[in-house]
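In what follows, a single structure is set out as structure tokens and then discussed.
What follows is calculated from the coordinates using simple rules that are stated; it is not laboratory data. This is a predicted model, so every value here is computed, not measured. When we count neighbours, we look across all protein chains shown, and the Cβ atoms used for this are built from the backbone with ideal geometry, even at glycine.
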Amino acid sequence: MSLPVDEQRDWLALQYVLGELSDADREAFEERLADDLAACESVAAASRLVLTVRAAASAKGVPSVGPASTADSRSQTKSAFSAWLSVVVASAAMALLCLFATQTPVNPPSNSDVASVDHAAAELVSLWRSGMDADEGDVDDMDEGLDSSSEDAVPGWMLAAVSLETPGIDGTSEKVQEN
Amino acid sequence: MTDDGGPTKSGQPVSTERLSPDAVRALYDIHGRDLLAFLSGVLRNSDAAEDVCQITFQRVLESGHEAREETIRGWLFKVAFHEAMAYRRKQVRRHESQLESLDLAEAENLSSRVRVEELVRVEELVRGEEIEQLKQLLAGLPADQQFVVRQRIQEDKTFAAIAEELQVPLGTVLTRMRLAIQKLQKWFGRDGRGK
């Protein structure tokens, strides 16, 4: 199959620029370059194309293909698996968090429970105070600690379990009376 | 079509006065980039191409007025080619005299250093936006064509070496390269040759 004249010339020019012509073919082509403007322009276009392809192929973003790409495809598979694994772990963590959140009651106590909660809270505080008296013997300090707005004397778990500041029946908050 | 740049084949009078520096500058703006690309292809060395391009436009200053305006482009390429051949002969003589005074290892080192210089100052001939466009065109080529293009142009392997590596006939590699270049050259187009 013979190529059109201009395609033949362009192909010859590219081979000339790449140094692929034999010595005889190169000399013949250079004789042509001496007075053939079209051949000169083919060489100019081939030269610019080669330089641009080199620059483009060297730049990032052009994926390599063919036999040299086997290692690349393996590394791509590895990174895809890692990404999938990350997603699975993150989803599992989110699911655990949601499960934990649902264990904690978020609904405010009903009105009928307020009084019993108050009584229970008072008992707990009383028990705590008596316990502290037995262990440490300085009730006044503990009283100060209990009376103060600071929560340092009362352990956090107690505060979390029994709210010392419960919402009133009419929606206003009221403090639990300590015994 | 040939052009010898000589005076008056059609009887048209030729200027007897030299071209002004501004006129030469204007010619450089129009034809300089193509001339530089042509000389890079002939000499395969960007430094040499720039030197010869400078010599060419020096000749334009000296005798460019003798060429007809409609054939000045052909005249420029002709002068550039002759200057490139003279430059190459001079370099060959200089290189041979250098090699005579070096041992084998130093001679090979000198040759490899000359090859690396071909890639210097690409930005004078290649523009950033052209690189981006060609990147996309390269990525759109069939895998086998893209591989040959990369191996030949980027890795600088010969067609024979690529054929041996792929265990295919040399003609197959040449065909893949030719088809790939046809597609890429459509982007360059004949309109983009400075006409």
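Computed from the C-beta positions of B:HIS65 and B:THR175, the FRET efficiency with R₀ = 45 Å rounds to 0.40. Per residue of B:128-138, other chain Cβ atoms within 10 Å of the residue Cβ number 5 on average. Peptide A:30-38 shows a mean partner chain C-beta count of 6 within 10 Å per residue C-beta. Computed over neighbours whose Cβ is under 12 Å from that of A:PHE29, the net charge equals -4, Lys and Arg +1, Asp and Glu -1. Look at the stretch A:11-19: the mean tally of other chain Cβ atoms within 10 Å of its residues' Cβ atoms is 4. Using a Förster radius of 30 Å, what is the FRET efficiency between B:HIS82 and B:ALA23 based on their Cβ-Cβ separation? Nearest 0.05, please. With a Förster radius of 30 Å, E is 0.85.
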